[in-house]
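Heads up, the thing below is written out as structure tokens.
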Amino acid sequence: VQLQASGGGLVQAGGSLRLSCAASGRSFRMYTMAWFRQAPGKEREFVAAVSSGLSSYYADSVKGRFTISRDNAKNAVYLQMNSLKPDDTAVYYCGARLFGGNLFRLPGEYPYWGQGTQVTVSS
């Protein structure tokens, strides 16, 4: 599967952005889809995931502010980000993995990645 992320940009603190990730290939509905982010000098960290069964999971740092969703008819996953903070500044990546299990928070468990989209939140 190939992934293409978009929707990043520059926003003031308290603002909102919606990221999109378009997927190509078959059987999109079978994949767990996730968003990770990586700030300069830091490791890639888990943000949110949505399973093939439509269960969603969030990092504590974004819970209540971000919402992940997927549209299987469009082969797309989205990340609605509200109440953005400067600490949310990072390159955001979408990832895909085919198998289930409890390791979905680990970036090493994702064989497929989009190219990343920059999100910058100014104070």
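Of all residues in region 42-61, those satisfying the criterion of being more than 17 Å from S20 (Cβ to Cβ), surrounded by 13 or more Cβ atoms within 10 Å (Cβ to Cβ) and among the hydrophobic types (A, V, I, L, M, F, W, C) are F46, A59.
Within the set V1, V47, V11, the sole residue that is among the aliphatic types (A, V, I, L, M) and within 14 Å of the chain's Cα centre (by Cα) turns out to be V47. The set of residues from region 10-41 being surrounded by 13 or more Cβ atoms within 10 Å (Cβ to Cβ) and more than 15 Å from R70 (Cβ to Cβ) comprises V11, A13, G15, L17, F36, R37, Q38, A39. Against the list (1) charged (D, E, K, R); (2) more than 26 Å from S123 (Cβ to Cβ); (3) touching a Pro at 6+ places or on another chain (Cβ under 7 Å), the condition R44 fails is (2).
The set of residues in region 111-123 being part of a strand (DSSP E or B), under 13 Å from the mean Cα position of the chain (by Cα) and not hydrophobic (A, V, I, L, M, F, W, C) consists of Y112, T117, Q118. Within region 103-110, the presence of a residue that is in a strand (DSSP E or B) and open to solvent by less than 50 Å² (accessible area, probe 1.4 Å) is excluded.
The values are calculated or read from the model by the stated rules, or taken from the named source; none is laboratory data. Note that the structure is predicted; figures quoted are calculated from it, not measured. Positions of Cβ are backbone-derived with ideal geometry, glycine not excepted, and every protein chain shown enters the neighbour counts. To get the accessible areas, we keep the full protein, side chains included, count just its heavy atoms, and leave off ligands, DNA and RNA. Shrake-Rupley method; radii C 1.70, N 1.55, O 1.52, S 1.80 Å.
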